[in-house]
Structure formats: structure tokens, C-alpha cells
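These notes are about the structure you will find just below.
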């Protein structure tokens, strides 16, 4: 509310200051077009937080999908520098056996760059899988017996006890 003697008072108290009395038009300050109120800033911050959580959730979901078998009818065999899992597969003779070899190591592994293979001399097999990759392949099951597989890229081959597995074909 404007005092009636505001102009006189201001000139008396501040004689050297320029003073223009307020008018109705000038009483409201004009804000720059980029002025953000605290409410607007809070809303923008909330939207950014939601976007960050959505992106992080999407990335987490995608990374968790990497180790899942691409063929659900195949037997999943996981391989990493700590070994194969499982190390033994048992199947009846003549029953089709598909293996989904899933590499859990990434390309930054210091020994061999994360590459692994599934080598089986009995069937002249040498299946190589790239870091964080998968390969589905079939193993012949016509002849009963116990057959050894191993990783021979960087893991020490047959001499490394954790990088060896067995397929048992029973009649």
C-alpha cells in the first residue's frame, strides 16, 4: 500500500538519490524469460531423477539378460575363468544333445581377452565363444561312453582341473 507522502519522505531522507514514485504499472517487476521459480526447479529436478532411474533400470535389465540362454531347449553350460558350470552332463544314447555355451567373462579379462572354447577331441569339436557371448551347438550322442571337454584358449587346457568337463552318454 502506497503512503500519501511517500515521495516527500523519500526526497527528505535520501536527498541525493533519484526517486520516481511507483505507479500501478511499474509495481510488478518484469522477470527475464529464463527465470525459474523454486517450484519449477523442483519439478525439473524430479523429472531428471525419474529419467536417471529409468535409464539405470533399463541398463540393469539389459545386463541381467546377457547370461540367459538363447535356446531354452539346450543345456546351458556357463564358462568363465573359474571354470565350467555344470561340469558333468549325462544323456541317454541317441537322445539329441544341444549345448548353449554361455561366456560370463568380458573382453577386459587379462588372460585371453575373455574368449573361451569348448574343445572335445573325441568328436573333433572346437567351439569358440566371444566375451559375454553364446553359441548353441549339437553334440553327437550315438556311442555310449564318457567324453571329456576342456577350454584350450587361455585356461591351461586339460591340465587345468576347473576348465574341464565330462559328457556321459549312457545306454
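Throughout, read-outs are computed from the coordinates displayed, never taken from laboratory work. These figures come from a predicted structure and were not determined experimentally. Because the Cβ atoms are built from the backbone with ideal geometry, glycine has one as well, and the counts that use them run over all protein chains shown.
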Study note, to complete from the structure: Cβ density ranking, 10 Å radius, fewest first, applied to 168, 18, 39 yields 18, 39, 168
Exercise for review: State, to one decimal in nm, how far the label point of residue 122 lies from the label point of residue 72, with both points 7 Å from Cα in the Cβ direction.
Suggested key: 3.1 nm
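Which order do 80, 171, 138 fall in if you start with the one that has the fewest other Cβ atoms within 10 Å? Show your work: numbers first, answer last.
Working: 80 19, 171 8, 138 11.
Ranking 80, 171, 138 by Cβ neighbours within 10 Å, fewest first, gives 171, 138, 80.
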